[in-house]
Amino acid sequence: MITINENYNKLQASYLFAEIKNRTAAFQKANPDREIIKLGIGDVTRPLPQACIDAFHKAIDEMADSKTFRGYGPEQGYEFLRDKIAEQDFRARGADIAPDEIFVSDGAKCDNGNIQEIFSTDIRVAIPDPVYPVYVDTNVMAGRTGSYDNGRYNGIIYLEGNNENGFIPALPDEKVDVIYLCFPNNPSGATISKKKLQEWVDFARENKAIILYDAAYESFIRDKELPRSIFEIEGARDVAIEFRSFSKTAGFTGIRCAFAVVPKSCLAYTKDGTEQSLHALWYRRQSTKFNGVSYPVQRAAEAVYTESGKTQTKELIDYYLKNAALIRKEMSTLGFECIGGENSPYIWIHGQTDSWEFFDRLLNKAGVVCTPGAGFGKCGEGYIRISAFNNYENVEKAMGRIKEALK
Ligand SMILES: *Cc1c(COP(=O)(O)O)cnc(C)c1O
């Protein structure tokens with residue numbers, strides 16, 4: 001008899017987006033003439049930068065000619081892309097990262113989900129709440145948790161975000177082995193200072209733990225004091241793995257290109273305490289299970305590092321940041337406490353009521369869809385997330401309606 005991995009039965013149905021869809025559809029049915037504006041989107045809405053499109057077309061033409069055709073590429077990614085990433089994203093910022101420490105992939109979601117495979121099943125896992133669900137669910141699938149009770153999995157150490165700590169969780173007061181951090185954060189939009197991040201790195205070093213640092217929204221950072229990479233922090237090279245993506249940076253959510261940075265000095269241990277290189281393990285894992293990102297996609301990603309690519313991606317992010325600034329300004333003026341929206345595309349708003357109640361109010365009174373914070377974890381209750389991924393005209397219209405409805 002074929003039996004299943006019963007850890008999958010512990011997973012909770014993804015109720016959040018289905019419920020948003022149901023409530024939105026019900027409202028539209030009852031109000032067929034109302035135009036609904038969606039500010040719940042966690043996906044980019046603007047087209048690719050021209051520099052990426054040009055490089056993409058050119059690479060496809062190369063594939064049409066026997067002299068320039070390419071078959072399987074290196075599993076770790078082409079050197080032309082890894083060189084530019086190492087130089088411009090890291091070395092130019094004082095982070096000592098070499099091209100062979102970069103692993104190009106088809107998404108930070110896959111990388112964040114797959115990385116836990118190289119760790120033992122009985123490690124203690126610390127995960128923020130509220131959170132991007134991938135970190136939790138992939139550990140549930142791997143059997144690192146017990147059952148789900150009262151909105152939480154037994155066995156996970158939850159790092160709580162709240163108004164007092166500004167959604168920068170405090171260090172755990174127990175021993176943990178792996179720590180997931182994401183800054184600028186999805187869903188809260190919170191950012192972390194170098195000083196605070198240094199505390200996490202020091203904690204990881206003291207505990208022989210690893211930090212899995214999701215920097216998918218790094219390109220939204222405008223404040224020059226904020227770290228863009230964990231590798232700008234002293235000592236991080238030994239205890240951190242970073243995940244980046246071209247998804248939000250350059251509109252690649254449908255194209256698929258990302259990368260993980262696994263420094264060669266980053267160590268973990270066998271049960272008897274023997275040091276093991278995480279770089280070697282990840283290399284083995286990727287070269288066994290992954291066959292690389294397509295050549296044209298890597299050429300399109302490379303174009304992000306050209307002069308025109310840099311200008312165009314900055315314009316792209318500036319566009320969303322202008323939306324975010326408007327959302328933050330209007331919601332603050334209405335008296336709501338806001339986090340994020342200055343160095344991130346998400347504004348996390350304390351609704352002074354329950355998340356779904358606030359969601360319903362915005363939908364029914366203003367025809368605006370947001371994302372209820374409760375869907376991201378227990379600590380998200382009482383908050384909503386408004387996303388800047390839309391066009392400016394819609395954001396303006398939505399804010400006008402919210403102002404009218406809630407004043
Ligand atoms: C969007 C997003 C990513 C990027 O995922 P891709 O698979 O590269 O598209 C990673 N982490 C978080 C928190 C995100 O919101």
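The values are calculated or read from the model by the stated rules, or taken from the named source; none is laboratory data. Values in this document were obtained by computation on a predicted structure and should not be read as measured data. Note that we place each Cβ from the backbone using ideal geometry, even for glycine, and neighbour counts take in every protein chain shown. Heavy atoms of the whole protein, side chains included, go into the accessibility calculation; ligands, DNA and RNA do not. Shrake-Rupley method; radii C 1.70, N 1.55, O 1.52, S 1.80 Å.
In this structure, Asp318 and Asp100 have a Cβ-Cβ separation that, at R0 = 30 Å, corresponds to a calculated FRET efficiency of about 0.35.
Averaging the sequence gap over all C-alpha pairs within less than 8 Å and six or more residues apart, then dividing by the number of residues, gives segment 53-306 a relative contact order of 26 percent. For GluC sites (Glu not before Pro), the sites in segment 142-248 that DSSP calls loop and that have at most 15 other Cβ atoms within 10 Å are Glu164, Glu174, Glu225, Glu234. Its alpha carbons considered, the chain gives a radius of gyration followed by a Dmax of 21.6, 67 Å. Using the Cα gyration tensor of segment 1-78, with a ≥ b ≥ c the square roots of its eigenvalues, what is the shape: rounded (a/c below 1.5), prolate (a/b larger than b/c) or oblate (neither)? Oblate. If you sort the three axes of the alpha carbon gyration tensor as a ≥ b ≥ c, you get a/c of 1.5 or more for segment 212-325 and a/b no higher than b/c, which makes it oblate.
Within segment 107-133, list the residues whose amide N lies under 14 Å from a label point set 7 Å along Cα→Cβ of Arg152. From segment 107-133, the list is 125-131. For segment 53-306, the solvent-accessible area of protein heavy atoms averages 41 Å² per residue (probe radius 1.4 Å; ligands and nucleic acids excluded). Remark: the Cα gyration tensor places segment 23-177 in the oblate category, a/c being 1.5 or greater and a/b not exceeding b/c.
Once backbone amide H atoms are built at 1.01 Å from N, Asp214 has Leu181, Cys182, Phe183, Phe243 as its partners under 5 Å, excluding neighbours fewer than 5 places away on the same chain.
Estimated from the Cβ-Cβ distance and a Förster radius of 35 angstrom, the FRET efficiency linking Gln276 and Phe69 is about 0.35. For Ile156, the residues 5 or more places off, or on other chains, whose built amide H falls under 5 Å of its own are Gly146.
Lys-Lys pairs in segment 53-306 that are eight or more residues apart or on separate chains and whose Cα atoms lie under 24 Å of each other come to 27.
Report the Cα centroid-to-centroid distance between segment 259-299 and segment 1-78 in angstrom, as an integer. So the separation of the two Cα centres works out to 25 Å. Were the residues from Asp61 through Asn22 laid out at 0.36 nm apart, the gain over their Cα-Cα distance would be 9.6 nm.
Computed over protein heavy atoms with a 1.4 Å probe, the carbon and sulfur contribution to the accessible area of segment 53-306 reaches 49%. Applying the Karplus relation 6.51 cos²θ - 1.76 cosθ + 1.60 with θ = phi - 60° to segment 163-177 yields 3J(HN,Hα) values of 4, 5, 9, x, 6, 10, x, 6, 4, x, 9, 9, 6, 10, 10 Hz, where x marks Gly and Pro.
Extension gain for the segment Leu171 to Asp83, taken as residue separation times 0.36 nm less the Cα-Cα distance, is 28.2 nm to one decimal. The chymotrypsin sites (Phe, Trp or Tyr not before Pro) of segment 69-99 that DSSP puts in a loop, and whose beta carbon has at most 15 other beta carbons within 10 Å, are Phe69, Tyr72. Length available on full extension from Lys289 to Ala325: 0.36 nm per residue minus the Cα-Cα distance, which gives 8.8 nm. Using the Cβ of Asn364 as centre and a radius below 12 Å, the other residues enclosed give a net charge of +3, where K and R count +1 and D and E count -1.
Close amide-amide hydrogen proximity is noted between Lys38 and Val369, each under 5 Å apart and 5 or more residues distant or on a separate chain (H modeled in the peptide plane; Pro and chain starts excluded). Of all DSSP beta bridges confined to the chain, the antiparallel ones make up roughly 55%.
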